[in-house]
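Asks: Please see the structure below; I have some questions.
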Amino acid sequence: MLLKLVADEPRHGYDLIREFRHKGWAGGAGSIYPLLAALEEEGLIAGRDEGERRTYEATDEGRRHLKEHGNHFGAFFEDDGGADTVAENDAGSDLRDAAGRLMQAVTQLGPSSKAETIERVRDLLDRTRREIYTLLAQE
């Protein structure tokens, strides 16, 4: 999917992160940049430094790869702005925002955090996950 996006137009990492989040995937720099590095190592994209940002574009090899394998992307790139899905998209966006805020709180835990604090957060997350599955099972 990253290859498809940079084949459409040259993009920098933050722009790619924003596009993925718009589509509902909460990937961040820790997910996107290693994938970009791997694509660059494979010769499918080329990066160039432009000031403080690195911009990526598809190589000829990358475009050939897309022609051969591009049909595997499904609905990820389809326009999701239909009038009948606006309310659903807003609810999904609100949910993704809430999940993002939760992850921001969790990432505040670090090496200096107390072991019991980490354990309590893990337990809380596990209980919350189970409760979500219970709600889904009741639908």
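Asks: Quick one: net charge of S113's neighbours, Cβ under 12 Å, K/R +1, D/E -1?
Replies: My count for the surroundings of S113 gives +1.
Asks: For segment 30-45, in order, what is each residue's ³J(HN,Hα) by Karplus, 6.51 cos²θ - 1.76 cosθ + 1.60 with θ = phi - 60°, in whole Hz (x at glycine and Pro)?
Replies: Here the 3J(HN,Hα) series is x, 9, 6, 5, x, 5, 4, 4, 5, 4, 5, 4, 6, x, 8, 9 Hz.
Asks: Based on other C-beta atoms within 10 Å, arrange I45, I118 from fewest to most. Please report the intermediate quantities before stating the final value.
Replies: Working: I45 25, I118 13.
The order, fewest Cβ neighbours first, is I118, I45.
Asks: Next question, about the same structure. Suppose R0 equals 25 Å. What FRET efficiency, 1/(1 + (r/R0)^6) with r the Cβ-Cβ distance, do R53 and K23 give to the nearest 0.05?
Replies: 0.70
Laboratory data are not the source of any read-out in this text; all were calculated from the coordinates shown. Everything numeric in this text was worked out from a predicted model, so none of it was measured. Note that we place each Cβ from the backbone using ideal geometry, even for glycine, and neighbour counts take in every protein chain shown.
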